[in-house]
Amino acid sequence: TVMFNRPVVPLVSSAQQADLPQPLVFDPPVTGQGQWVSTSIYRFAPKPPLDGATRYQVSVPAGLEDVTGGILEQNYSWRFSTLSPSVVAIFPEDGAVDFELTRPMTVTFNMPMDQAATGAAISLSPATRFALEWSEDSRQATVVPQGQLDLATNYDLEIAQSARSAGGQATLDRSTGSSFTTVLNPAVTGTEPGRNQTAERFINGIRITFASPMDVSTLEDEVLITPVPDRSTYYYNDWDNSLFIDFEMERNT
């Protein structure tokens, strides 16, 4: 955005903008759309976005004339640099546990990325076949495992510094990644009441806690209670991987 100290163009409609002067010169060259938003303010929107990690010089050449005939006597120039490409978010986050075996992973960047170069920079270890799906703006890559990940395994999702922005040749500011662990092998880690304990009088049912998230539909047929209660209701809690079975307990049993 460039602001002048006096009106440079007359007040016109949007349809008449094409006849107005376009005062900016870019080095390196930039394509986009410029517009006078008032008689003394000019705004330029680059399209496609500016290249990453690039130093630009923008100039308003001498000779620009205002509405009264006044002339800009000297070039006006300024310089700025654009951000380097970087990773702004990874899912799962570093240190995550109980990651589901078929769940996709995502890598989000701060700018559109070159899909081929960035895809080659993304890896998953232990070595696993995966497909990459890109968002429409090329800012998010979704890593889709081709088959299930292994149980109880630590995985590293890595993005090498060679990942490149869609504009220019700028690569990531640094390599980055996430280390996470998949769900553990199914196991019972505890019960309430515990083995050979006496249930409190106010308790009406039992709780079974598992080491990893469970498929609730497979639990009801696999939990056997003897003697069989007249009625039982199952409640599964995702937050702690526990199953509560509500039933009326006979005393002294």
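The values are calculated or read from the model by the stated rules, or taken from the named source; none is laboratory data. If you're wondering where the values come from, they're calculated on a predicted model, not measured in any experiment. Neighbour counts are summed over all protein chains in view; Cβ atoms, including those assigned to glycine, are modelled from backbone coordinates with ideal geometry. Note: accessible area is taken over every heavy atom of the protein model, side chains too, but ligands, DNA and RNA are not part of it. Shrake-Rupley method; radii C 1.70, N 1.55, O 1.52, S 1.80 Å.
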Counting every C-alpha pair in the range 203-245, the percent lying more than 15 Å apart is 39
For the range 57-125, using Cα atoms only, the Rg and Dmax in Å read 23.9, 71
In whole percent, the fraction of accessible protein surface over the chain that belongs to carbon or sulfur atoms, probe radius 1.4 Å, stands at 48
Given [x] 111, 22, 10; [y] 65, 23, 14; [z] 27, 25, 22 as possible values of semi-axes √(5λ) of the Cα gyration tensor in Å, the one from the coordinates is [y]
Rounded to the nearest 500, the 222 nm mean residue ellipticity computed for the chain from DSSP H runs (n ≥ 4, each -39500 (n - 2.57)) alone is -500 deg cm²/dmol
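Let me check I've understood the local charge: for GLU93, count other residues with C-beta under 15 angstrom from its C-beta, Lys and Arg +1, Asp and Glu -1. What total comes out?
Details: positive: ARG103; negative: ASP94, ASP98, GLU100, ASP156, GLU158.
Around GLU93, the surrounding residues sum to -4.
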Note to self: with every protein chain in place and a 1.4 Å probe, the chain gives an accessible area per residue in Å² of 63
Protection proxy (average C-beta count within 10 Å per residue), highest first, orders 88-100, 157-169, 71-83 as 157-169, 88-100, 71-83
Residues other than ASP156 with Cβ under 15 Å of its Cβ, Lys/Arg counted +1 and Asp/Glu -1, net out at -4
HN-Hα couplings for the range 45-56 via Karplus (6.51, -1.76, 1.60; θ = phi - 60°), in whole Hz with x for Gly/Pro, come out as 10, x, 8, x, x, 4, 5, x, 6, 10, 9, 10
One finds the C-alpha centres of the range 203-253 and the range 1-23 to be spaced, in Å, by 74
Once ALA15 and THR142 are pulled to full extension, the length gained, defined as 0.36 nm per residue separation minus their Cα-Cα distance, is 41.5 nm
Measuring from its Cα centre, the range 102-214 shows a charge dipole (+1 at each Lys and Arg Cβ, -1 at each Asp and Glu Cβ) which, in debye to the nearest 20, is 360
Mean Cβ-within-10 Å packing, highest first, puts peptides 22-32, 111-121 in the order 111-121, 22-32
The correct pair for the range 69-198, radius of gyration to one decimal and Dmax as a whole number, both in Å and from Cα atoms, is 22.5, 99
The local net charge around ARG6, scoring Lys/Arg +1 and Asp/Glu -1 for residues other than ARG6 whose Cβ lies under 12 Å from its Cβ, equals -2
